[in-house]
């Protein structure tokens, strides 16, 4: 029996999946959780960022292959329509140092900011051989690096610095998106509960 997909099909599917934007959340119980805005139903988790991303790329490739076998076009990468993450920053040639404010001197605020930074969602996208990471709650914080880990580390450092600045200025930072989503899910009635309420 011939294989369902040719090697060329698998290569095309992997290439498309590689272009998809990923969001990375961190949960103390589940580890790193990867999602894809282009394919919202696909979710992977892993103890490391790389494990979650590799799992996600593999599942996305499988979904693209399945779509191809059914004659359905795979969703276009967001970067095709919106442009790559952080492209506005590159176009304006903004420097990280130009954005920074006063350093946070209070060591307690620094520790709070550092420990809280991992709660914020990081969007990651491949771009010209590099990886671009953006903090979803702080879209002006964008980092570029040669590896996924380094891009995420850089943007989380920027988030920690931003959180420290906000806390030092007695400003309330935005709530992490994953916390908002969890709260909303707890409030939402189960599908069967909705039917009982309607009757």
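Some points to look at:
- Compared with the alpha-carbon gap, the fully stretched path from residue 181 to residue 10 is longer by 58.2 nm at 0.36 nm per residue.
- Ordered by the number of other Cβ atoms lying within 10 Å of each residue's own Cβ, fewest first, 116, 48 fall into the sequence 48, 116.
- The order of 11, 131, 138, going from fewest to most other C-beta atoms within 10 Å of their C-beta, is 11, 138, 131.
Just so you know, all these numbers are worked out from the coordinates, no wet-lab data involved. Everything quoted here is computed from the prediction, not taken from an experiment. Cβ sites come from the backbone with ideal geometry, for glycine too, and all protein chains shown count toward neighbours.
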